[in-house]
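Since the structure comes first, as structure tokens, the remarks are kept for the end.
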Amino acid sequence: MSTANATETLSLEIWRGGAVGEFRTYRIPMRASETVLDAVSEVQRSTDPTLAYRFACRVGMCGSCAMMVNDRPRWTCRTRVGVVARGGRLRVAPLRHLPVVKDLVVDMAPFFAKWQQAHGRFEPGVAPFRDFARVAPASAERQAADAGIECIGCGVCYAACDVVGWNPDYLGPAALNRAWTLMNDVRDQARRERLAAVSGPGGCASCHTHMACTETCPKAIAPTYAIAGLKRLAIRAALGVRP
Amino acid sequence: MNGALLAASRISALVLAVAVAVHLYVIIDAVQQGLTAAALLGRTHGNWAFLALYGCFVLAASVHAPIGLRAVLAEWLGCSGKLADALLIGFGILIAVLGMRAAWAVFAA
Ligand code: SF4
Ligand code: SF4
Ligand code: FES
């Protein structure tokens with residue numbers, strides 16, 4: 001792994017423990033172009049094999065490597081050390097708002113449970129379409145769904161959203177974004193139930209439009225706009241206006 | 001918050017936006033013209049347009065403020081539930097009564 005630019009030292013502070021624990025500092029050669037995930041892996045392979053962290057694809061597809069890097073949630077497999085290190089230091093911690101299993105590993109179960117609560121799944125109904133649904137690529141619904149469909153479920157937005165921290169019932173940006181893509185899917189048969197699920201307490205109305213989710217999403221998705229769409233639908237439903 | 005509260009919050013915000021803009025315009029205009037309190041009251045006395053505008057202003061504020069406070073109470077102080085809602089409804093009524101009293105006083109002065 002050694003490269004020509006490995007002259008300085010990177011001081012890597014890594015969270016060790018569970019909900020209670022401490023930051024421990026590891027020193028490895030600074031390589032500006034390697035990723036934060038590479039740096040964490042190097043510590044695990046060269047210094048402390050008991051360090052727990054999670055990754056799978058290493059190419060920004062699986063969404064399993066998200067961590068807090070210098071207090072900001074990021075996908076670590078696509079974040080270069082040189083871009084985020086400050087004065088040769090990096091602080092890596094488990095994602096906010098989720099229970100810590102060990103070191104950098106969080107339990108994603110509450111995150112995905114909220115996707116289910118938000119009806120964040122395609123519902124073909126009891127009598128699914130027999131034929132292909134014809135969806136014009138330029139239609140407003142298709143474009144709205146397209147804007148949010150590439151979510152990799154990394155939880156970065158969930159960790160970035162302060163409302164998630166303040167209100168444990170808040171479904172969060174990712175689940176609501178997924179719900180919005182499905183509200184725009186003409187084949188889905190449970191849009192009424194989904195709208196009810198995202199309009200109640202902890203639903204879209206709890207979003208304060210901080211845009212931290214949109215600012216941090218590594219896939220450049222804008223959950224804030226998806227949630228704004230859900231809010232419009234919720235207001236129309238509350239006023240009895242047909243969608 | 002649910003859809004109905006969100007709708008109430010948005011509609012009251014719409015009314016507030018207009019009311020605050022008119023309110024600011026009136027203040028600036030009155031100051032620029034150097035109107036005295038007596039001259040101002042002379043214009044507002046018996047003025048139904050004034051009462052209608054400020055009546056809407058007060059009602060919108062009494063709907064909007066408690067809904068916003070509700071989120072602040074729940075998220076920052078962990079205070080929610082029936083008791084919190086009852087207090088907030090009381091607060092909304094208080095704003096409405098005090099505001100209407102003030103608007104009426106200026107109208108009837
Ligand atoms: S826009 Fe809404 S969901 Fe996104 S960070 Fe802000 S409050 Fe959270
Ligand atoms: S919306 Fe973006 S940040 Fe949130 S889970 Fe999906 S990909 Fe990750
Ligand atoms: S390891 Fe798969 S997205 Fe980072």
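The values are calculated or read from the model by the stated rules, or taken from the named source; none is laboratory data. This structure is a prediction, so every number in the text was calculated from the model and none was measured. Every residue, glycine among them, receives a Cβ derived from its backbone with ideal geometry; neighbour counts consider all protein chains shown. Side chains are part of the model used for accessible areas, which takes the heavy atoms of the whole protein and leaves out ligands, DNA and RNA. Shrake-Rupley method; radii C 1.70, N 1.55, O 1.52, S 1.80 Å.
Observations on the structure shown:
- Of all residues in the stretch A:115-132, at least one satisfies being crowded, with 17+ Cβ neighbours inside 10 Å, away from ligand 2 (no atom under 16 Å from the Cβ), outside the structural domain of A:SER64 (by TED's automatic domain parsing) and in contact (Cβ under 8 Å) with a residue 40 or more places away in the chain.
- Residue match in the stretch A:110-126 (condition: aliphatic (A, V, I, L, M) and touching a Gly at 6+ places or on another chain (Cβ under 7 Å)): no
- Of all residues in the stretch A:218-243, those satisfying the criterion of being within 14 Å of chain B (Cβ to nearest Cβ) and touching a residue at least 24 places away in the same chain (Cβ under 8 Å) are A:ILE227, A:GLY229, A:LEU230, A:LYS231, A:LEU233, A:ALA234, A:ALA237, A:ALA238.
- Test: residue in the stretch A:87-105 that is closer than 14 Å to A:ALA159 by Cβ and of a type in the set (Asp, Glu): no
- Matching helices (runs of 4 or more DSSP H) fully within the stretch A:138-193 where at least 1 residues are over 20 Å from A:TRP75 (Cα atoms) and open to solvent by less than 20 Å² (accessible area, probe 1.4 Å): A:140-148, A:162-166, A:173-183
- Of B:SER12, B:SER62, all but one fail to be out of contact with any Lys or Arg (no Cβ under 9 Å at 6 or more places or on another chain), within 14 Å of another protein chain (Cβ to nearest Cβ) and of a type in the set (Ser, Thr, Tyr); the exception is B:SER12.
- Screening B:LEU73, B:LEU51, B:LEU88 for residues that are in contact with a Cys (Cβ under 8 Å, 6 or more places away or on another chain), part of a helix (DSSP H, G or I) and open to solvent by less than 60 Å² (accessible area, probe 1.4 Å) leaves exactly one candidate, B:LEU73.
- Out of A:ALA205, A:ALA197, one residue alone is within 12 Å of chain B (Cβ to nearest Cβ), in contact with a helix residue (DSSP H, G or I) (Cβ under 8 Å, 6 or more places away or on another chain), assigned to a helix (DSSP H, G or I) and open to solvent by 10 Å² or more (accessible area, probe 1.4 Å). It is A:ALA197.
- As a summary of the residue check, A:ARG86 satisfies the conditions (1) open to solvent by 30 Å² or more (accessible area, probe 1.4 Å); (2) touching a residue at least 24 places away in the same chain (Cβ under 8 Å); (3) more than 17 Å from the chain's Cα centre (by Cα) except for the one numbered (2).
- Unmet requirement for A:THR216, which otherwise passes all of (1) crowded, with 18+ Cβ neighbours inside 10 Å; (2) away from ligand 3 (no atom under 16 Å from the Cβ); (3) β-branched (Val, Ile, Thr): (2)
- Residue list for the stretch A:208-243, filter: over 24 Å from B:GLY68 (Cα atoms) and at pLDDT below 95: A:VAL241, A:ARG242, A:PRO243
- Looking only at the stretch B:31-47, and only at residues there that are part of a helix (DSSP H, G or I) and in contact (Cβ under 8 Å) with a residue 12 or more places away in the chain, the one that is farthest from B:GLY92 (Cα to Cα): B:LEU41
- Remark: pairs (first residue in the stretch A:54-70, more than 20 Å from A:ILE14 (Cα to Cα) and within 14 Å of chain B (Cβ to nearest Cβ); second residue more than 16 Å from ligand 1 (Cβ to nearest atom) and assigned to a loop (DSSP other than H, G, I, E, B); Cβ separation under 6 Å; 6+ apart in sequence or on different chains) are absent.
- Residue selected from the stretch A:177-189 under the condition in contact with a Lys or Arg (Cβ under 9 Å, 6 or more places away or on another chain) and either within 10 Å of ligand 1 (Cβ to nearest atom) or not polar (S, T, N, Q) (or both), by the criterion farthest from the other protein chains (Cβ to nearest Cβ): A:VAL186
- Residue satisfying condition, being of a type in the set (Lys, Arg), more than 16 Å from ligand 3 (Cβ to nearest atom) and over 22 Å from A:ALA138 (Cα atoms), within set A:ARG242, A:ARG187: A:ARG242
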